[in-house]
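Have a look at the structure below, then the notes.
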Amino acid sequence: MFAVVIGAFAAHGLKHVLDTYHLGLVETAVRYQMYHAIALLIVGVISTIPQFSLRWLKLAAFGFILGIALFSGSLYLLALTGIKWLGAITPLGGVAFIFGWMALIVAALKHSPQTTQ
């Protein structure tokens, strides 16, 4: 929801305020936020499947949430404030995204022990 709201606000409310470069930053932030919001939904759905490692799925979710906060958040702030050092935070968010995807892969490959009844 937030990605859609921010994207719509940027497209309609900020297009006369921000230059092309800063609008591009917002568009990139929105795109990555949306991709990883979908990834979080997928993590939630597959967490109901007992064969997947819940521990690794939680780590994947953490990576995606942290990535959204650091990557998209820093790009939003950079676009709106122009404070250039915020760009140094963005790669940390990228690393968190990569960690989240790696954890999701491990969750798929490392099966949780099934309980027998």
*Please report, ordered by residue number, the helices (runs of 4 or more DSSP H) entirely within segment 18-117 with at least 1 residues that are at pLDDT 95 or above and farther than 26 Å from VAL4 by Cβ.*
54-67, 90-109
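From the list ALA79, ALA69, exactly one residue is in contact with a Gly (Cβ under 8 Å, 6 or more places away or on another chain), hydrophobic (A, V, I, L, M, F, W, C) and surrounded by 15 or more Cβ atoms within 10 Å (Cβ to Cβ). Which is it?
Numbers: ALA79 fails: in contact with a Gly (Cβ under 8 Å, 6 or more places away or on another chain).
Exactly one of ALA79, ALA69 is in contact with a Gly (Cβ under 8 Å, 6 or more places away or on another chain), hydrophobic (A, V, I, L, M, F, W, C) and surrounded by 15 or more Cβ atoms within 10 Å (Cβ to Cβ), namely ALA69.
Out of contact with any Leu (no Cβ under 8 Å at 6 or more places or on another chain), without any contact (Cβ under 8 Å) to a residue 12 or more places away in the chain and of a type in the set (Lys, Arg): does that describe LYS110?
Here the answer is no, as LYS110 does not meet what is asked.
The values are calculated or read from the model by the stated rules, or taken from the named source; none is laboratory data. Just so you know, these numbers come straight off a predicted model, no measurement behind them. Virtual Cβ from ideal backbone geometry, glycine too; neighbours counted across all protein chains shown.
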